[in-house]
Amino acid sequence: METTRFFPLGELALDCGETVPAAVLAYETYGTLRADRSNAVLLFHALTGSQHAHGYNPSIPEVAPLWQEENHEGWWNAMIGPGRPLDTDRYFIICANLLGSCYGSTGPCSTHPDGTPWGSRFPLITAGDQARAQAALLDHFGIERLHLVGPSVGGLIGLAFTALFPSRVHSFITIGSGYQPSMDHQLSVFEQILAIELDPLYLAGRYPLDNPPRQGLAFARIIGHKAFVYQEGLAERARESTGDRKNMLTWYTPTRNTQSYMLHQGTKFANRFDANSYIRIADMWINYDLRTITGTATLEQALEPCRAAGIPFLVFSIDTDACFRPEEQREYVRQLQRIGIPAEYHLIRSEKGHDSFLLEPELYAEPIARFLQRGNA
């Protein structure tokens with residue numbers, strides 16, 4: 001059984017100019033760290049993921065009641081463990097909950113100095129803030145250099161970490177991610193934020209945690225979920241009617257299984273996540289700009305430290321991904337190679353869309369295992 005631990009960051013100064021006192025990072029580790037600290041892998045989770053990537057963790061009292069049954073199993077169990085690509089007999093894997101999330105790291109659900117939840121007062125978090133917080137966690141372990149793995153939003157944070165701390169990175173594996181958000185996604189996230197804001201229970205983000213705006217959050221998830229699944233295969237995933245119209249609808253009865261499926265996904269999600277946390281992390285995504293994070297004028301300048309450090313990239317794209325489209329990721333690889341960064345590219349053919357890395361990790365296993373072993377972790 002896995003245990004979530006909490007690392008005190010202390011007073012945290014953010015890129016936005018605000019400060020969060022007594023911040024903490026929730027994290028889990030798997031495997032054993034060598035005496036010379038040479039076998040570490042830092043794993044970043046996706047938008048609404050958690051630090052619980054492997055094993056079974058039935059309870060985190062600090063985040064109840066959001067820790068639902070679907071959180072209990074590690075989100076990447078098939079990739080982590082003895083003999084698996086992230087081999088716990090070989091590597092020491094660290095996964096931390098993002099700042100602003102609701103699974104133990106300091107965020108909108110945490111207590112403000114005035115004794116009430118931060119709510120919408122919780123400041124804007126950047127990917128640079130996330131990278132620096134996790135670098136502090138590595139300092140706690142005495143880890144100077146390691147491998148990075150980042151799926152989805154985690155790939156954006158991993159890229160920020162790589163650009164900010166190139167001397168600490170052996171190699172970087174990015175899955176279903178990129179180097180900038182598309183305009184389609186920026187507009188989709190704005191629609192999702194509107195869905196939450198327009199819920200009467202949102203109360204400008206100052207809602208009591210025991211009476212959150214679940215309908216607005218469920219609606220936001222339904223809007224966003226369209227980009228996470230391959231829509232041509234949605235009917236296959238929605239073979240059974242699972243929606244409960246009493247949760248969201250008043251008179252309309254779903255006539256298609258796909259409608260019921262989306263209702264089910266939205267209402268289930270709204271029971272396990274916080275609306276303000278969703279806004280904060282989604283906002284971090286759509287405002288992602290590596291040039292701003294690194295204080296440079298061009299992408300080439302932002303990535304130059306990675307080139308100078310000789311950091312190899314392994315880039316996975318998913319042919320049915322609507323969040324980070326393959327053409328965008330091919331351009332990402334072209335940019336890397338043009339600058340002189342070694343980049344290995346794999347296009348994964350899948351009927352699962354963006355969620356492929358969660359649902360069929362076996363498609364990614366061999367290149368990841370080979371890439372890490374080549375780095376002599």
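Any read-out appearing in this document is the output of simple, stated calculations on the displayed coordinates, not a laboratory observation. Everything quoted here is computed from the prediction, not taken from an experiment. Every residue, glycine among them, receives a Cβ derived from its backbone with ideal geometry; neighbour counts consider all protein chains shown.
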Under the Karplus curve 6.51 cos²θ - 1.76 cosθ + 1.60, θ = phi - 60°, whole-Hz ³J(HN,Hα) for region 210-224, x wherever Gly or Pro sits:
8, 9, x, x, 5, 5, x, 5, 4, 5, 4, 5, 4, 4, x
Extension length gain for T292 and S38 (0.36 nm per residue less Cα distance), in nm, is 88.3 nm
Explain nothing, just the number: dipole magnitude of the chain about its Cα centre with +1 on each Lys and Arg Cβ and -1 on each Asp and Glu Cβ, in debye rounded to the nearest 20.
240
Using the crude model of +1 on Lys and Arg Cβ and -1 on Asp and Glu Cβ, and no other charge, please compute the dipole size for region 78-202 relative to its Cα centre, in debye to 20.
400
Helix 127-141: inclination vs the chain longest Cα principal axis, degrees, rounded to 10, gives 60
Per the rule of 0.36 nm per residue minus the C-alpha distance, extending D184 to N211 adds in nm 6.5 nm
Enumerate the calculated ³J(HN,Hα) couplings along region 42-57 in order (Karplus 6.51 cos²θ - 1.76 cosθ + 1.60, θ = phi - 60°), each rounded to whole Hz, writing x wherever the residue is Gly or Pro.
9, 10, 9, 8, 7, 3, 10, x, 9, 6, 8, 8, 9, x, 10, 9
What are the residues whose amide H is under 5 Å from the amide H of G107, where those residues sit 5 or more places off or on another chain and H is modelled from the backbone?
G100
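Gain in length, A22 to Q335, computed as 0.36 nm per residue apart minus the alpha-carbon separation, to one decimal in nm?
So the chain would gain 108.7 nm between A22 and Q335.
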Pairwise label distance in nanometres, Y56 with H346, each label 7 Å out on the Cα-Cβ vector:
2.9
What is the distance, in nm, between label points placed 7 Å from the Cα along the Cα-to-Cβ direction at T3 and at D89?
2.6
Just need the Rg to Rh number for the chain, please, alpha carbons only, Kirkwood Rh.
0.95
Label-point separation, Y252 to E11 (7 Å along Cα→Cβ), nm
5.1
Skipping prolines and chain starts, which residues have an amide H placed within reach, meaning under 5 Å, of the one on L9, given they are 5 or more residues away or on another chain?
A23, V24, L25
For region 142-228, compute the orientation-averaged projected area of the C-alpha convex hull (one quarter of its surface), in nm².
8.0
If amide H atoms are modeled at 1.01 Å from N in the peptide plane, then the residues at a separation of 5 or more from K352, or on another chain, having amide H under 5 Å from its own are none
What stretch of the chain, leaving out the sites themselves, is the longest with no chymotrypsin sites (Phe, Trp or Tyr not before Pro) in a DSSP loop having at most 10 other Cβ atoms within 10 Å?
1-250
How many times 2.2 N^0.38 Å is the alpha carbon radius of gyration of region 1-134?
1.09
With 5 Å bins from 0: P(r) over region 55-213, alpha-carbon pairs, percent
2, 7, 12, 16, 19, 19, 13, 7, 4, 1, 0
Estimated FRET transfer efficiency when R0 is 45 angstrom, pair E144-N271 (beta carbons, to 0.05):
0.65
Region 275-369 - charge dipole about Cα centre, Lys and Arg +1 at Cβ, Asp and Glu -1, debye rounded to 20
320
Quick one: Karplus J couplings for region 169-182, per residue in order, coefficients 6.51, -1.76, 1.60, θ = phi - 60°, nearest Hz, x for Gly and Pro?
10, 6, 7, 9, 10, 10, 10, x, 9, x, 10, 6, x, 6
Between M262, M248, M284, which gets the highest mean-square fluctuation from a Gaussian network model of the chain, Cα cutoff 10 Å?
M248
How large are Rg and Dmax for region 264-329 when calculated on the C-alpha trace, in angstrom?
16.8, 48
